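Undergrad: Starting off with a structure, shown below.
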Amino acid sequence: MTATTALLVIDMQWALCEGEEQAHDAAGLISRINGLMARADDAKVPVICIQHEEAQGSLQHGSPGWALDSRLAVPATAMRLRKTTPDSFHLTDLHAVLEELGIKHVIVCGLQSNYCVDTTVRRALALGFPVTLVADGHSTVDNSVLKAPQISAHHNATLSSMSSFGPRVTLQPAKEISFGV
């Protein structure tokens, strides 16, 4: 990885990591993402923490649930971005920021596999960015059909098999991502 890579950390917010809406293996996920952010920061790779917000409820801007989980070791150099849809690019400055930084490749991790991670990965591909999806770096909650680990595994399989955008998704476990250091 080089300085043309950025790490996108999606929706690692308190309301999604604790309590009723807690994602599967939130503590393990936080630990893996902390390792990624530290290695990215050491390699001078931009880290962008993206936070979802809603007009009401636990993800209302400024509420305790909207805050990044306190167990995250966010580098002082990390950028923050607010969003209101599952697509981290939609109605945000993310694309412009990546272009300004000369980013050609993104590494994606965070919450939730079947919503914001999936949508952001697909949009990144549509915009021409190859994506490394951290295979064990995203999670979600159970739904009425599947358990959270099945949902995440399904998204790993689906996203990494897509070829129609041109750029591809590569799966890589968190411990294998070195950022060129």
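Undergrad: Would you confirm whether or not the range 86-102 contains a residue that is closer than 21 Å to G35 by Cα and either touching a residue at least 12 places away in the same chain (Cβ under 8 Å) or among the polar types (S, T, N, Q) (or both)?
TA: no
Undergrad: Separate question: For the range 22-64, which positions are out of contact with any Lys or Arg (no Cβ under 9 Å at 6 or more places or on another chain) and basic (K, R)?
TA: Residues satisfying the conditions are R39, K44.
Undergrad: Kindly indicate whether G137 is in contact (Cβ under 8 Å) with a residue 24 or more places away in the chain and open to solvent by less than 30 Å² (accessible area, probe 1.4 Å).
TA: Yes; evaluated as a whole, the condition is true for this residue.
Undergrad: Residues that are among the polar types (S, T, N, Q) and farther than 14 Å from D11 by Cα: does the range 78-96 have at least one?
TA: Within the range 78-96 (the criterion being among the polar types (S, T, N, Q) and farther than 14 Å from D11 by Cα), the answer is yes, since at least one residue qualifies.
Undergrad: Kindly establish whether G137 is under 27 Å from A43 (Cα atoms) and within 14 Å of the chain's Cα centre (by Cα).
TA: It is true that G137 is under 27 Å from A43 (Cα atoms) and within 14 Å of the chain's Cα centre (by Cα).
Undergrad: Please verify whether I50 is modelled with pLDDT of 95 or more and either open to solvent by 60 Å² or more (accessible area, probe 1.4 Å) or out of contact with any Asp or Glu (no Cβ under 9 Å at 6 or more places or on another chain) (or both), treating the condition exactly as stated.
TA: No.
Undergrad: Looking only at the range 162-181, filter to residues that are of a type in the set (G, A, S) and farther than 27 Å from N34 by Cβ; which one of those is least open to solvent (accessible area, probe 1.4 Å)?
TA: G166
Undergrad: Being open to solvent by 10 Å² or more (accessible area, probe 1.4 Å) and among the hydrophobic types (A, V, I, L, M, F, W, C) narrows it down to one of L159, L125, L146, so name that one.
TA: Only one candidate qualifies: L146.
Undergrad: Can you pull out every residue in the range 4-28 that is of a type outside the set (D, E) and open to solvent by 10 Å² or more (accessible area, probe 1.4 Å)?
TA: T4, W14, L16, G19, Q22, H24, A27, G28, listed by residue number.
Undergrad: Then there's this: Evaluate the following for S31: is it open to solvent by 60 Å² or more (accessible area, probe 1.4 Å), in a helix (DSSP H, G or I) and either among the polar types (S, T, N, Q) or farther than 21 Å from V131 by Cβ (or both)?
TA: Judged against the criteria, S31 is a match.
Undergrad: Continuing with this model, one more query. Check whether at least one residue in the range 60-80 is acidic (D, E), touching a residue at least 24 places away in the same chain (Cβ under 8 Å), open to solvent by 30 Å² or more (accessible area, probe 1.4 Å) and under 21 Å from E18 (Cα atoms), and report yes or no.
TA: No, the range 60-80 has no match at all.
The values are calculated or read from the model by the stated rules, or taken from the named source; none is laboratory data. Everything quoted here is computed from the prediction, not taken from an experiment. Ideal geometry is used to build each Cβ from the backbone, glycine not excepted, and the neighbour counts take in all protein chains shown. Ligands, DNA and RNA are excluded from the accessible area calculation, which covers all protein heavy atoms including side chains. Shrake-Rupley method; radii C 1.70, N 1.55, O 1.52, S 1.80 Å.
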